[in-house]
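K.L.:
Could you have a look at this structure, given as structure tokens, before my questions?
The values are calculated or read from the model by the stated rules, or taken from the named source; none is laboratory data. The shown structure was predicted, so the numbers you read here are calculated from the model rather than taken from an experiment. Cβ placement follows ideal geometry from the backbone for every residue including glycine, while neighbour counts extend to all protein chains displayed. Note: areas computed on protein heavy atoms with side chains; ligands, DNA, RNA excluded. Shrake-Rupley method; radii C 1.70, N 1.55, O 1.52, S 1.80 Å.
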Amino acid sequence: MTTPIPEPVTFGERPLRIEDVLALANRQVPVQLQNDADYRERIAKGARFLDSLLDKEGVIYGVTTGYGDSCVVAVPLHHVEALPRHLYTFHGCGLGKLLDAQSTRAVLAARLQSLCHGVSGVRVELLERLQAFLEHDILPLIPEEGSVGASGDLTPLSYVAATLSGEREVLLRGERRQAADVHRELGWTPLVLRPKEALALMNGTAVMTGLACLAFARADYLLQLATRITALNVVALQGNPEHFDERLFAAKPHPGQMQVAAWLRRDLAIDAPTAPLHRLQDRYSLRCAPHVLGVLADSLNWLRSFIETELNSANDNPIIDAEAERVLHGGHFYGGHIAFAMDSLKNLVANVADLLDRQLALLVDERYNHGLPSNLSGAPADRAMINHGFKAVQIGTSAWTAEALKNTMPASVFSRSTECHNQDKVSMGTIAARDAIRVLELTEQVAAATLLAANQGVWLRAQADDARPLPPALAAMHEELSKDFPPVIEDRALEGELRLCLQRIAAQHWRLHA
């Protein structure tokens with residue numbers, strides 16, 4: 001039986017969803033450009049209108065003027081053709097780590113989608129080359145540091161403009177290559193960017209938006225995983241499943257909070273007979289898990305709205321209205337919505353880290369874990385004194401949680417006046433998005449550690465003479481986990497297993513609640 005070819009993502013008039021960007025970033029779907037004659041003509045009309053203004057010696061920001069504060073400096077027509085190359089050249093000063101391949105594909109997708117609105121004054125050939133970069137997986141090497149998030153992601157996006165022009169380096173099939181060599185190998189002529197095209201490529205929010213799409217998808221899966229981990233810990237700690245009763249949550253009906261409680265009821269088969277209770281009310285990290293995770297669940301809809309509106313917007317400057325023959329000077333490169341969304345997301349996600357860290361602290365402490373061995377060690381009594389189970393994992397989890405919490409400082413309030421006070425109020429959206437990715441990385445480490453510990457706790461509980469069968473969803477999860485992560489009986493170094501668990505999380509390996 002042949003595997004069906006997935007439907008391609010088409011760039012053009014159709015809006016994209018976060019899931020489209022994620023599929024492209026993971027190389028799961030083909031990519032194509034809308035190719036009907038009417039659409040191509042609409043794109044070409046904007047470029048022709050710009051050319052007509054040049055013939056009339058019209059004044060257009062970034063085309064017949066300098067950039068930023070230099071907008072008052074006129075550029076003679078005989079220098080206009082050289083201006084785009086100068087723009088991406090002097091912005092070639094990025095530092096820090098390079099964006100990974102997944103992030104770079106998301107950035108290319110976000111930039112292409114914005115330019116496809118047809119109000120940026122670029123040629124069809126530019127859209128086709130961006131689409132070809134995605135199709136052939138030609139990835140500009142983009143340093144992640146150097147953007148203040150308005151006038152857009154100028155410095156990181158200069159690496160896209162330069163590589164389309166056959167300059168700087170790209171990644172192709174895992175190998176760093178000169179962009180000029182890759183063009184030559186594919187039989188392509190590097191683009192000579194037309195007036196406004198370098199500005200259209202660079203003067204937008206594609207880096208922060210691409211990263212935001214990836215961050216959203218990770219947070220969505222993390223929400224489901226944290227709920228499943230909580231359910232496992234309710235079993236391991238012999239918690240009270242009545243904390244998730246449907247009637248209880250009808251009295252405080254936040255939809256996301258109700259959804260998390262419903263997932264927990266399903267995982268715990270709450271209508272089945274329960275074990276005797278050790279406490280009438282569990283500690284907050286169990287009892288209030290729907291209330292903590294529910295804030296993230298309830299926030300995902302408006303986070304999606306902010307991100308997808310930005311993704312499907314023309315976010316450069318100036319906007320070229322070829323139909324009305326007007327050049328509209330504005331500030332759509334300002335990334336405030338993404339900045340706020342990412343500052344909010346990192347706060348929401350860090351709270352997940354804190355919740356799971358508290359659950360793990362209960363699991364390893366024999367004062368609070370209701371009869372489980374100290375540090376979840378599975379060692380027999382005659383070797384218990386030299387075995388320490390998950391003791392160090394709990395310490396590491398505390399460190400990762402602390403770092404995640406430290407990184408919740410909002411980036412968007414740290415606006416800096418830059419570029420001779422022309423860019424005197426900036427969004428910091430790209431820094432916020434990078435922070436959100438880092439908080440997600442740390443929280444996924446906390447989730448990996450707590451998942452393995454919860455699985456150990458469930459196994460230990462099953463060894464008791466009065467052990468009850470696991471509810472079906474948790475039994476299936478426990479069985480699957482045990483194939484890769486056997487019980488810790490004699491101490492062993494768990495780094496390799498934690499890293500494997502992180503790989504599973506990154507691949508969204510476990511089918512959970514969605």
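K.L.:
Of all residues in the stretch 284-296, how many are open to solvent by less than 60 Å² (accessible area, probe 1.4 Å) and more than 16 Å from the chain's Cα centre (by Cα)? Full working, then the answer.
P.N.:
Narrowing the stretch 284-296 to residues open to solvent by less than 60 Å² (accessible area, probe 1.4 Å): 285-290, 292-294, 296.
Subsequent filtering for residues that are more than 16 Å from the chain's Cα centre (by Cα) retains 285-290, 292-294.
Adding up the residues that qualify gives 9.
K.L.:
Of all residues in the stretch 193-226, which are closer than 23 Å to T89 by Cβ and of a type in the set (V, I, T)?
P.N.:
Those that are closer than 23 Å to T89 by Cβ and of a type in the set (V, I, T): T205, V207.
K.L.:
For the stretch 1-118, list the helices (runs of 4 or more DSSP H) that sit wholly inside it and hold at least 2 residues that are modelled with pLDDT of 80 or more; which are they? Give the steps one after another, and end with the answer.
P.N.:
On the way: elements: 18-25, 37-55, 77-80, 83-90, 101-115.
Once the helices (runs of 4 or more DSSP H) in the stretch 1-118 are filtered for at least 2 residues that are modelled with pLDDT of 80 or more, what remains is 18-25, 37-55, 83-90, 101-115.
K.L.:
Also, quick follow-up: Tell me yes or no: at least one residue of the stretch 479-500 is within 25 Å of T205 (Cβ to Cβ), open to solvent by less than 30 Å² (accessible area, probe 1.4 Å) and part of a loop (DSSP other than H, G, I, E, B). Explain how you work it out, then say what you get.
P.N.:
First, pick out the residues of the stretch 479-500 that are within 25 Å of T205 (Cβ to Cβ): none.
No: the stretch 479-500 contains no residue that is within 25 Å of T205 (Cβ to Cβ), open to solvent by less than 30 Å² (accessible area, probe 1.4 Å) and part of a loop (DSSP other than H, G, I, E, B).
K.L.:
On to the next question. Given the conditions (1) open to solvent by less than 20 Å² (accessible area, probe 1.4 Å); (2) modelled with pLDDT of 95 or more, report the number of the one that R123 does not fulfil.
P.N.:
Result: R123 passes all but (1).
K.L.:
May I ask you to list the residues in the stretch 132-145 that are surrounded by fewer than 20 Cβ atoms within 10 Å (Cβ to Cβ) and over 19 Å from the mean Cα position of the chain (by Cα)? Walk me through it before giving the result.
P.N.:
Going through the stretch 132-145, the residues surrounded by fewer than 20 Cβ atoms within 10 Å (Cβ to Cβ) turn out to be 132, 135-137, 141, 143, 145.
Those that are surrounded by fewer than 20 Cβ atoms within 10 Å (Cβ to Cβ) and over 19 Å from the mean Cα position of the chain (by Cα): A132, E135, H136, D137.
K.L.:
For A454, work out the one condition from (1) open to solvent by 50 Å² or more (accessible area, probe 1.4 Å); (2) more than 25 Å from the chain's Cα centre (by Cα); (3) not charged (D, E, K, R) it doesn't fulfil.
P.N.:
Tallying (1) open to solvent by 50 Å² or more (accessible area, probe 1.4 Å); (2) more than 25 Å from the chain's Cα centre (by Cα); (3) not charged (D, E, K, R), A454 fails exactly one: (1).
K.L.:
Now for a separate question. Out of all the residues in the stretch 233-249, which are among the hydrophobic types (A, V, I, L, M, F, W, C) and more than 17 Å from C288 (Cβ to Cβ)?
P.N.:
Step one: list which residues in the stretch 233-249 are among the hydrophobic types (A, V, I, L, M, F, W, C), which gives 234-237, 244, 248-249.
Matches in the stretch 233-249: V235, A236.
K.L.:
Considering only residues that are under 19 Å from I18 (Cβ atoms) and without any contact (Cβ under 8 Å) to a residue 40 or more places away in the chain, which ones fall in the stretch 84-131?
P.N.:
D100
K.L.:
Let me ask something else. Taking interchain pairs and intrachain pairs at least six residues apart, which have beta carbon atoms under 6 angstrom, with the first residue in the stretch 439-460 and among the aromatic types (F, W, Y) and outside any helix (DSSP H, G or I) and the second modelled with pLDDT under 95 and buried (at least 24 other Cβ atoms within 10 Å of the Cβ)?
P.N.:
As it stands, the answer is none, since no pair meets every condition given.
K.L.:
For the stretch 237-253, what are the residues that are in a loop (DSSP other than H, G, I, E, B) and either aliphatic (A, V, I, L, M) or more than 32 Å from the chain's Cα centre (by Cα) (or both)? Talk me through it step by step, then tell me what you get.
P.N.:
First, pick out the residues of the stretch 237-253 that are in a loop (DSSP other than H, G, I, E, B): 237-240, 245, 251-253.
Scanning the stretch 237-253 gives L237, Q238, G239, N240, D245, A251.
K.L.:
May I pose another question? Could you tell me which of the residues R367, R304 is of a type in the set (K, R), open to solvent by 20 Å² or more (accessible area, probe 1.4 Å) and touching a residue at least 40 places away in the same chain (Cβ under 8 Å)?
P.N.:
Values: R367 fails: touching a residue at least 40 places away in the same chain (Cβ under 8 Å).
The match here is R304.
K.L.:
Report, by residue number, each residue of the stretch 350-361 that is open to solvent by less than 50 Å² (accessible area, probe 1.4 Å) and more than 13 Å from S398 (Cβ to Cβ). If you could, list the steps in order and put the result at the bottom.
P.N.:
Residues of the stretch 350-361 open to solvent by less than 50 Å² (accessible area, probe 1.4 Å): 350, 352-353, 355-357, 359-361.
Across the stretch 350-361, the qualifying residues are A350, V352, L355.
K.L.:
While we're on this one: Against the condition open to solvent by less than 50 Å² (accessible area, probe 1.4 Å) and farther than 27 Å from S398 by Cβ, how does A448 come out, does it pass?
P.N.:
Values: open to solvent by less than 50 Å² (accessible area, probe 1.4 Å): yes; farther than 27 Å from S398 by Cβ: no.
It is false that A448 is open to solvent by less than 50 Å² (accessible area, probe 1.4 Å) and farther than 27 Å from S398 by Cβ.
K.L.:
Moving on to the next point. Output the number of residues of the stretch 411-434 satisfying the condition of being open to solvent by less than 50 Å² (accessible area, probe 1.4 Å) and either of a type outside the set (A, V, I, L, M) or modelled with pLDDT under 95 (or both).
P.N.:
10
K.L.:
Out of the stretch 320-344, which residues are open to solvent by less than 10 Å² (accessible area, probe 1.4 Å) and either under 18 Å from N203 (Cβ atoms) or touching a Leu at 6+ places or on another chain (Cβ under 6 Å) (or both)?
P.N.:
To start, the set of residues in the stretch 320-344 that are open to solvent by less than 10 Å² (accessible area, probe 1.4 Å) comprises 320, 335, 338-339, 341-342.
Of everything in the stretch 320-344, those that are open to solvent by less than 10 Å² (accessible area, probe 1.4 Å) and either under 18 Å from N203 (Cβ atoms) or touching a Leu at 6+ places or on another chain (Cβ under 6 Å) (or both) turn out to be I320, G335, I338, A339, A341.
K.L.:
Ok, one more. Could you figure out which of (1) of a type in the set (D, E, K, R); (2) surrounded by fewer than 19 Cβ atoms within 10 Å (Cβ to Cβ); (3) in a helix (DSSP H, G or I) isn't true of R228?
P.N.:
Result: R228 fails condition (2) only.
Residues are listed down the side, and each one gets a yes or a no for (1) open to solvent by 10 Å² or more (accessible area, probe 1.4 Å); (2) under 23 Å from the mean Cα position of the chain (by Cα):
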residue	(1), (2)
S158	no, yes
G166	yes, no
G174	yes, yes
A179	no, no
R184	yes, no
R194	yes, no
M208	no, yes
A217	yes, yes
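K.L.:
Another question, then. Going through A200, A150 one at a time, which residue ends up being among the aliphatic types (A, V, I, L, M), part of a loop (DSSP other than H, G, I, E, B) and either closer than 25 Å to R17 by Cα or open to solvent by less than 10 Å² (accessible area, probe 1.4 Å) (or both)? It would help to see each step written out before you state the result.
P.N.:
Numbers: A200 fails: part of a loop (DSSP other than H, G, I, E, B).
So the residue among A200, A150 that is among the aliphatic types (A, V, I, L, M), part of a loop (DSSP other than H, G, I, E, B) and either closer than 25 Å to R17 by Cα or open to solvent by less than 10 Å² (accessible area, probe 1.4 Å) (or both) is A150.
K.L.:
Only one residue in D424, D435 is closer than 30 Å to A339 by Cα, acidic (D, E) and touching a residue at least 24 places away in the same chain (Cβ under 8 Å). Which one?
P.N.:
Details: D424 fails: touching a residue at least 24 places away in the same chain (Cβ under 8 Å).
Selected residue: D435, the only one of D424, D435 that is closer than 30 Å to A339 by Cα, acidic (D, E) and touching a residue at least 24 places away in the same chain (Cβ under 8 Å).
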